[in-house]
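Derivation of every value follows stated rules applied to the coordinates shown; laboratory data play no part. Since the model is a prediction, treat every value here as computed from it, not as a measurement. For neighbour counting, all protein chains shown are included, and Cβ atoms are generated from backbone atoms with ideal geometry for every residue, glycine included.
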Amino acid sequence: MPHPYVLLSAAVSLDGYLDDTGPERLLLSSPEDFDRVDEVRASVDAILVGAGTIRADNPRLLVNSPERRAARRARGLPEYPLKVTVSGSGDLDPAAAFWHTGGDKILYTTDKGAERARSLGLATDVVPLGTELDWRRLLTHLHDQRGVRRLMVEGGGVIHTQLLTQGLADELQLVLAPLFVGDPDAPRLFGPGSYQGGRLRLCETRQIGDVVLMRYEPTAPGTGELPVAADHHWLALACELAAQCPPSQTAFSVGAVIVAADGTELARGWSREGSDPLAHAEEAALAKADPDDPRLATATVYSSLEPCARRASRPASCSRLILQAGVRRVVTAWREPDTFVPGADGSGVLREGGATVLVLPEHEERAKAPNSHLF
């Protein structure tokens, strides 16, 4: 199911702490960076913090700039983003500033937590998620029921850890402050967990006053039928590559990327790339990959269009080429229509060969765009 774009935002000390153990919150960001955070808040549909952050910091989570609030109203948006929190117990202070400032609020909790929250009279919508908290269900509800397309998560460390280890964070905005905490009892940004192997992608670095902002994207593909944030990033790239195809009246324009389990790009290609007017995207990408590379066995192929099941110009279809290469996971945006090959079912061929196939329809329109002349 579609989820919002999830942006994790945090500031840490040089030794990786979110705060110290003093009675007052440790201010890690510079004044200039607090203004940047205000700008990011104004750009999103919702802001989320965990129950621990409400108890420890009593945040208001407002857009402080009157000009930014006015700009939101001019775009037909509420003055403030939706405020979201998560608590398994539902045991939160009804007097906390979170409930009494800004616009709409929503609490996600368990079935038992919902009973507790309602008994306390919290000034919020209460949404139970079942016997346990389920992040995928939460994000789907935010997207489908509350119209949230961009979600900013401001903590705490447990929330950030859970979203990253479950592959649900699209971006990490990390601010590094020029000070040390050094207290082993102070809270850290990330706890232990099964994080992605390999390196994240650095998207931006920027000095803001005396702190440094670093923006990262996860890169490691998922491992099964549940998509992770990196699957969306790589499939979006495949759709971008499709736009590089020389146009044709007799074939689709398709882009493809092959990505190792640790997030390393192994190869990319697109239809009719180079001097071969008959080349398919997956075929072009596989031709660049080392057939003896052991990483292919755990790699994912991203293709803007479902790999072909059969073709007249080659002895093997792209589905067969993928299976022959040893790849067993394919992510695509769009099932092949009957425009050129009636009854095409590359996904069926791949599944019969033991591959997992995911179709992410959120990317279908981008995949179709370079082919609009065919319809």
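Considering only Cα atoms, the convex hull volume of segment 71-226 works out to 178 Å³ per residue.
The H on the amide N of Gly209, modeled in the peptide plane, is under 5 Å from the matching H of no residue at least 5 residues off or on a different chain. From a point 7 Å beyond the Cα of Asp210 in the direction of its Cβ, which residues of segment 135-176 have a backbone N at a distance under 17 Å? So the set is 175-176. Could you tally the net charge around Thr219, taking each other residue with its Cβ under 13 Å from the Cβ of Thr219, Lys/Arg +1 and Asp/Glu -1? Residues near Thr219 contribute -4 overall.
Per-residue ellipticity at 222 nm for the chain, helices alone: DSSP H runs ≥ 4 residues times -39500 (n - 2.57), over residue total, nearest 500 deg cm²/dmol? Before the final figure, lay out each step's value.
Numbers: 12 runs with 105 residues, N = 375.
Only helices count here, giving -8000 deg cm²/dmol.
Each Lys or Arg adds one and each Asp or Glu subtracts one; over the other residues with Cβ under 15 Å from the Cβ of Leu107, this totals +1.
For Leu266, the residues 5 or more places off, or on other chains, whose built amide H falls under 5 Å of its own are Ile258, Val259, Ala260. In the chain, if the dipole is taken from +1 on Lys/Arg beta carbons and -1 on Asp/Glu beta carbons about the Cα centre, which of Phe375, Gly52, Gln145 is farthest to the positive end? Farthest towards the positive end: Phe375.
With both bridge residues required to lie in segment 217-375, what share of the DSSP beta bridges run antiparallel, to the nearest 5%? Don't skip to the answer; put the middle values down first.
Working: 9 of 16 bridges.
Here the share of antiparallel DSSP bridges comes out near 55 percent.
Subtracting the Cα-Cα distance of Arg351 and Asp144 from their residue separation scaled by 0.36 nm leaves 71.6 nm.
Residues with amide H under 5 Å of Tyr5's amide H, sequence separation 5 or more or different chain, H placed in the peptide plane at 1.01 Å from N; which? HN-HN under 5 Å from Tyr5: Arg150, Leu151.
Considering only Ser194, Ser275, Ser347, the Gaussian network model of the chain with Cα springs below 10 Å gives its largest mean-square fluctuation to Ser275. Taken over segment 255-324, the percentage of Cα pairs per 5 Å bin, counting from 0 up to the bin with the maximum distance, is 4, 18, 31, 26, 15, 6, 1, 0. Among Arg136, Arg69, Arg206, the largest mean-square fluctuation in a Gaussian network model of the chain (Cα springs under 10 Å) belongs to Arg206.
Just add up the charged neighbours of Asp185: K/R +1, D/E -1, any other residue whose Cβ is under 12 Å from the Cβ of Asp185.
Values: positive: Arg188; negative: Asp19, Asp20, Asp183.
Taking every other residue near Asp185 into account, the sum is -2.
All distinct Cα pairs of segment 30-138 go into the 1/r average, and the inverse of that average, the Kirkwood radius, is 14.6 Å. Rounded to the nearest Hz, the phi-derived 3J(HN,Hα) couplings of segment 20-33 under the Karplus curve 6.51 cos²θ - 1.76 cosθ + 1.60 (θ = phi - 60°) are 9, 9, x, x, 9, 5, 7, 8, 8, 6, 7, x, 5, 6, where x marks glycine and proline.
Taking the Cα centre as origin and putting +1 on Lys and Arg beta-carbons and -1 on Asp and Glu beta-carbons, what dipole magnitude results for the chain, to the nearest 20 debye? List each step's numbers first, then the result.
Values: 39 positive and 50 negative charges, 167 e Å.
The calculation lands at about 800 debye.
With θ taken as phi - 60° and the Karplus curve 6.51 cos²θ - 1.76 cosθ + 1.60 applied, the whole-hertz 3J(HN,Hα) list for segment 176-183 is 9, 9, x, 8, 10, 9, x, 9 Hz, x standing for glycine and proline.
Nearest 20 debye, what's the magnitude of the dipole of segment 229-374 about its Cα centre given +1 on Lys and Arg Cβ and -1 on Asp and Glu Cβ? Walk me through the intermediate numbers first.
Working: 14 positive and 19 negative charges, 54 e Å.
Dipole of segment 229-374, to the nearest 20 debye: 260 debye.
Could you give the length gained on full extension between Ala70 and Ala297, defined as 0.36 nm per residue of separation minus the Cα-Cα distance, in nm?
Details: separation 227, 0.36 × 227 = 81.72 nm, distance 5.26 nm.
Extending this stretch completely gives an extra 76.5 nm.
Taken about its Cα centre, segment 5-217 carries a charge dipole of roughly 720 debye when the Cβ of each Lys and Arg holds +1 and the Cβ of each Asp and Glu holds -1.
Can you give the Kirkwood hydrodynamic radius of segment 229-374 from its Cα pairs, in Å with one decimal?
Values: mean 1/r = 0.0683 Å⁻¹.
Its Kirkwood hydrodynamic radius stands at 14.6 Å.
Taken one residue at a time, the phi angles of segment 361-375 give Karplus couplings (6.51, -1.76, 1.60, θ = phi - 60°) of x, 4, 9, 4, 5, 5, 5, 6, 3, x, 10, 4, 5, 8, 10 Hz. Gly and Pro are set to x.
Largest first, the extents of the alpha carbon coordinates of the chain on the three principal axes equal 71, 41, 40 Å. For segment 119-165, the mean projected area of the C-alpha convex hull, equal to one quarter of the hull surface, is 4.5 nm².
Reported to the nearest whole Å, the Cα centre-to-centre distance from segment 202-224 to segment 32-67 is 19.
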